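Structure record follows, encoded as structure tokens.
The values are calculated or read from the model by the stated rules, or taken from the named source; none is laboratory data. These figures come from a predicted structure and were not determined experimentally. Virtual Cβ from ideal backbone geometry, glycine too; neighbours counted across all protein chains shown. Side chains included, ligands, DNA and RNA excluded: accessible areas come from the protein's heavy atoms. Shrake-Rupley method; radii C 1.70, N 1.55, O 1.52, S 1.80 Å.
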Amino acid sequence: MASQNRNYRVWTNHEEAKLVEALVAMVNTGSFKADNGFKSGYLTYLENALKDSLPTSNILGRPHIESKMKIMKKDWMIVHDMLSGSYTSGFGYDSVQHCVVADDQVWESYLQVHKGAGKWRNKTFPFYEDLCIVFGKDRAQGNRARDFVEVEEEVNIEDQEQHMHEEFDDVMATSHIQGGNANMPSEETSSGRGRKRKRRVDPMADVFSSAVTKLGESLEKMANKLNKGIDREEELDKKRSLITSEVSKMQSFTQSQKFTVISKIREDPERVNMFWDLPEADREAFVKWILDE
């Protein structure tokens, strides 16, 4: 790709439409779609496609297309979960108006727990159906819908993985520069009548070996940290996803009170853990305590 410039870019509606058009075409070719994401080279493909359709835009694969796709995927997942996720009956998608539709009561109930979905109330999303073709298989894995918090976490994990790739590129670039500037002398000494040549020493090999070792240690630490974080988040997400059904069974609270307490518990990891650590008989008292705060 032409540049690693990370300047922020404001996309026009026409440019977004051309990007989505290129994404759909790319997926339909079957060359770059992987089981969970895209294969290497997809940004170059998209960059060249936009050079053809938008020759004066100067849109680059990285950072422009890469960052825009993250935003598009995040928006698409939020809308997708509203339409097909758990506890989301009452939502629909108007293919003519290109927007999510639901009764006011359905919206109010959903937004009590999923505040991040509010931006799609009375707002069009013309690319939703096309992005189902682009990202649909990614979302189908696991056969369960995830909430807005999980969407945020997924994007953060993608950012961490990207950071790992960039760190690898930086280390390898440094190794190349150091190796190119190093001297590789060939020394000669006399011994008797003959001249014996000393073994050549290649500093590039030492630099490369050191760089690979450091990179391996760094990647291992980051991978361990990432795996531990994922395990903790998955456990917390599992607990969080069961809060709604558990509180809904409590008969001593109104529907409005249930919505309020569900939102308060789910948004605080400490409260989620505390709720499930309590004996079942004490959870209703815990809910009342939260409502009385």
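Worth pointing out:
- Picking from residues in region 96-110 that are of a type in the set (A, V, I, L, M, F, W, C) and farther than 14 Å from Ser256 by Cα, the one that is surrounded by the fewest Cβ atoms within 10 Å (Cβ to Cβ) is Val96.
- Flag for Asn227 being in contact (Cβ under 8 Å) with a residue 24 or more places away in the chain, over 13 Å from Val113 (Cβ atoms), part of a helix (DSSP H, G or I) and open to solvent by 50 Å² or more (accessible area, probe 1.4 Å): no
- Being open to solvent by less than 40 Å² (accessible area, probe 1.4 Å) and at pLDDT 85 or above holds for only one residue in Thr254, Thr260, Thr244, and it is Thr244.
- Residue, most open to solvent (accessible area, probe 1.4 Å), within region 52-71, restricted to residues that are under 17 Å from Leu131 (Cα atoms) and among the basic types (Lys, Arg): Lys70
Yes or no, residue by residue, for (1) in contact (Cβ under 8 Å) with a residue 24 or more places away in the chain; (2) open to solvent by less than 30 Å² (accessible area, probe 1.4 Å); (3) over 17 Å from the mean Cα position of the chain (by Cα):
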{"site": "Glu21", "(1), (2), (3)": "yes, no, yes"}
{"site": "Phe38", "(1), (2), (3)": "no, no, no"}
{"site": "Gly41", "(1), (2), (3)": "no, no, yes"}
{"site": "Glu47", "(1), (2), (3)": "yes, yes, yes"}
{"site": "Leu50", "(1), (2), (3)": "yes, yes, yes"}
{"site": "Lys73", "(1), (2), (3)": "yes, yes, no"}
{"site": "Met77", "(1), (2), (3)": "yes, yes, no"}
{"site": "Asp81", "(1), (2), (3)": "yes, yes, no"}
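- Residue in region 55-70 that is at pLDDT 90 or above and closer than 30 Å to Ile262 by Cα present: yes
- In this structure, Glu233 does not qualify as open to solvent by 60 Å² or more (accessible area, probe 1.4 Å) and not in a helix (DSSP H, G or I).
- All positions within region 104-137 that are among the aromatic types (Phe, Trp, Tyr) and either touching a Pro at 6+ places or on another chain (Cβ under 6 Å) or under 27 Å from Glu21 (Cβ atoms) (or both): Trp120, Phe125, Phe127, Tyr128, Phe135
- Pairs with Cβ under 6 Å, 6+ apart, first in region 252-268 and in a helix (DSSP H, G or I), second of a type in the set (D, E, K, R) and open to solvent by less than 50 Å² (accessible area, probe 1.4 Å): Ile265/Arg271; Arg266/Arg240
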